[in-house]
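The values are calculated or read from the model by the stated rules, or taken from the named source; none is laboratory data. If you're wondering where the values come from, they're calculated on a predicted model, not measured in any experiment. A quick note on method: Cβ atoms are made from the backbone with ideal geometry, for glycine too, and the neighbour counts reach across all protein chains shown. Protein only, heavy atoms only, side chains kept; ligands, DNA and RNA dropped before computing areas. Shrake-Rupley method; radii C 1.70, N 1.55, O 1.52, S 1.80 Å.
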Amino acid sequence: MPISAPELLSAAYSDADRTIDLRRRLHRHPEVGLHLPQTQAMVLEAFADLPVELTTGTTTTSVVGVLRGARPGPTYLLRGDMDGLPVHEDTGLPFASEVPGAMHACGHDTHVAMLLGAARLLAERRDLLAGQVVFMVQPGEEGFHGARYMLEEGLLDVVPEAPVSGAFALHTISNLPSGSISVRPGPMMAAADQWQMTVRGRGGHASMPHIAADPIPVAAEIVLALQSMVTRRVDVFDPAVVTVAHIEAGSTSNVIPDTVFMEGTIRTLSPERRAAVVAGVRRVGTNIGAAHGLEVGFVHEEGYPVLVNDAAAAGRVLAAAAELLGGPASLLMPAPLMGAEDFAYVLERVPGAMAFLGACPPGLEPEAAPGNHSNLVVFDEEPLPAGVALYAWMALEALAA
Ligand SMILES: [Zn+2]
Ligand SMILES: [Zn+2]
């Protein structure tokens, strides 16, 4: 490495006020989805005094920055996502959301602030870089496929002579020890698909079900059979989670309804398992319906793919975290998380890794802290400079002159 760990870390900590100030300004003004004009304006302003070439998205409010090193070389991508969630913030923080019904409850404000901090550190050390750093600031991570739009707009070819050849992202997590870095090689987060089912019966009087066609017991049978399918048809070492999260039917106690509507998710860790379980949910639903003479409609909506970390890249993250923050802060995750992340689209195209930065607030046990997406979640700001340094380290190492 062209720079020592203590030197980089102390540079990040000496710029902590700027990082935290940007984080708090973003936190006050969360926006949800693919179109985040205020957030984009803050990001552009934060980049303005840096020698970074900026382009903005055409289909979304994404921002892509390119920092050119002193010498030519490969191109390495760092991602920060910038969208909030449709959650009403109840933390009581002095810099809590000023937008009713919207909150940075997944810590994406911290990601942008850390990414911008890293951009500044790297811009001040261009002589150490042989190649380009791409800063990917994306909207719409929370279910809107923001990364996919950016890829479709040519994100990986933003430096035409040197397409992106490696990528790294950090995600802040309130349920992990503050200042720890967690990562694993291979599957890190699940594919998450949504599905909807409509069991179509024929309504009637509750006293005469034989004249009607009651969809409710059929739906109940489907709910249970889906769980049997998961335990009996899915290898536990290539797992799946099928959840029925929403059921709606009927209007009163003495009327058999026409239909039952159900929806839920399917989470898997391999493309093969994913295809098999989607087919299985459809098969169980439609065939249980058929067994009772009812028609069952099934709709599958593809969500994010499995997020797979490149083994070498995950190893570099662990080594970097140990170097920067000390061995005990560098944690090899024993198992993936079944949540989903659209950085998976980037890692389908280039080798790289996503890691978690623990940010449990002081005075709480990580397991007891309100989690990401909670209206009460609080992220410790103390480790943000450590995240800045890790982002910068990953780029400096990939592009060491
Ligand atoms: Zn989230
Ligand atoms: Zn997130």
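Per residue, how much accessible area does the range 344-401 show when a 1.4 Å probe rolls over the protein heavy atoms, in square angstrom? Each step should come with its number before you reach the end.
Values: 1910 Å² over 58 residues.
Per residue, the range 344-401 has 33 Å² of solvent-accessible surface.
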Report the Stokes-Einstein translational diffusion coefficient (µm² s⁻¹, integer) for the range 72-122, Rh taken as the Kirkwood radius over Cα pairs, at 4 °C with viscosity 1.567 mPa s.
-> 102
Counting only DSSP beta bridges fully inside the chain, the antiparallel percentage to nearest 5 is 65
Which of the peptides 133-141, 300-308 is most tightly packed, and how do the rest follow, judged by the mean count of other Cβ atoms within 10 Å per residue?
-> 133-141, 300-308
State the volume of the convex hull built on the alpha-carbon positions of the chain, expressed per residue in Å³ and rounded to an integer.
-> 149
Enter the accessible area per residue of the range 85-126 (Å², integer; probe 1.4 Å; all protein chains in place).
-> 31
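For the peptides 90-100, 314-324, what is the packing order when you average, over each peptide's residues, the other Cβ atoms within 10 Å and list the highest mean first? If you can, show how the numbers build up before the last one.
Details: 90-100: 13.7, 314-324: 20.4.
Output ranking for 90-100, 314-324: 314-324, 90-100.
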Just the number, please: carbon plus sulfur as a percent of the accessible area of the chain, 1.4 Å probe, no ligands or DNA/RNA counted.
-> 56
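Return the calculated 222 nm mean residue ellipticity for the chain, to the nearest 500 deg cm²/dmol, obtained by summing -39500 (n - 2.57) across DSSP H runs with n ≥ 4 and dividing by the residue count. Let's see the in-between values first.
Details: 10 runs with 134 residues, N = 401.
About -10500 deg cm²/dmol.
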Sorted by mean Cβ packing within 10 Å, highest first, what order do the peptides 164-170, 384-390, 72-78 take?
-> 384-390, 164-170, 72-78
Principal-axis tilt of helix 384-398 within the chain, Cα atoms, nearest 10 degrees | 80
Shape call for the range 1-157 from the C-alpha gyration tensor, a ≥ b ≥ c root eigenvalues: rounded (a/c under 1.5), prolate (a/b greater than b/c) or oblate?
-> oblate
When all C-alpha to C-alpha distances in the range 279-401 are sorted into bins of 10 Å, what percent of pairs does each bin hold, rounded to whole numbers?
-> 10, 28, 29, 15, 11, 6, 1
Can you give me the relative contact order of the chain as a percent, contacts being Cα pairs under 8 Å and 6 or more apart?
-> 25
